[in-house]
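See structure below.
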Amino acid sequence: MTRLYIVILLIFTACSNDGTNRNPYLQEIGFRFEANLNLPSYSPLTNTGSAIYIPSDLAGTRGVFVINSGFDQFRAFEGSCPNHVPNDCSTMELDGQIATCSCDDYQYSLFTGQLINKPEDENRYYDMLEYRTSFSGGSVIISN
């Protein structure tokens, strides 16, 4: 019986949430947004590799970048630079398939959300905050 208690104790102590990689700069807010690809604002998303920016009054903290990654798959990322507290310069700009932070010219891939030009120092840098996407009936649904 004591062996059972030891095994249970080991299981509970082995499971830990200390390894989370939570971004301290960005607050995760709840929202749901539907982009109808038949509308002119969102029609670029009908082409693989095309990306758009959805303004912050519709989705996300500082807006959302959405890219068609192919085969009716879409990825959506927060429009605020993940390595800054939201401020005047932290809303990123769309340049093709790249999002650029004007605070320090960090560039992020919209296919992966990863920081492309990571500085060679010992500091911790975050990738873009990704939102859930689904495709149904000609619309991309973005939510968090």
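Points to keep in mind about this one:
- Filtered residues of the stretch 60-106 (kept if at pLDDT below 90, under 13 Å from Leu26 (Cβ atoms) and out of contact with any Ser or Thr (no Cβ under 8 Å at 6 or more places or on another chain)): Val85, Asn87
- In the stretch 27-74, the residues that are within 17 Å of Ser90 (Cβ to Cβ) and among the charged types (D, E, K, R): Glu28, Asp57, Arg62
- One residue stands out in the stretch 52-86 among those that are of a type in the set (S, T, N, Q) and without any contact (Cβ under 8 Å) to a residue 40 or more places away in the chain: the one that is farthest from Tyr42 (Cα to Cα), namely Thr61.
- Matching residues in the stretch 87-144 - criterion: being charged (D, E, K, R), assigned to a loop (DSSP other than H, G, I, E, B) and either under 21 Å from Arg22 (Cα atoms) or in contact (Cβ under 8 Å) with a residue 40 or more places away in the chain (or both): Lys118, Asp121, Glu122, Arg124, Asp127
- Qualifying position, being more than 22 Å from Ala99 (Cα to Cα), at pLDDT below 95 and part of a loop (DSSP other than H, G, I, E, B), among Asp18, Asp57: Asp18
- Residue count for the stretch 71-97, restricted to those that are surrounded by 14 or more Cβ atoms within 10 Å (Cβ to Cβ) and either under 19 Å from Thr61 (Cα atoms) or over 17 Å from the mean Cα position of the chain (by Cα) (or both): 15
- Any hit, the stretch 60-68, residues being surrounded by 14 or more Cβ atoms within 10 Å (Cβ to Cβ), part of a loop (DSSP other than H, G, I, E, B) and either in contact with a Cys (Cβ under 9 Å, 6 or more places away or on another chain) or among the aliphatic types (A, V, I, L, M) (or both): yes
The values are calculated or read from the model by the stated rules, or taken from the named source; none is laboratory data. Since the structure is predicted, the reported quantities are computational estimates derived from the model, not experimental observations. Neighbour counts are summed over all protein chains in view; Cβ atoms, including those assigned to glycine, are modelled from backbone coordinates with ideal geometry.
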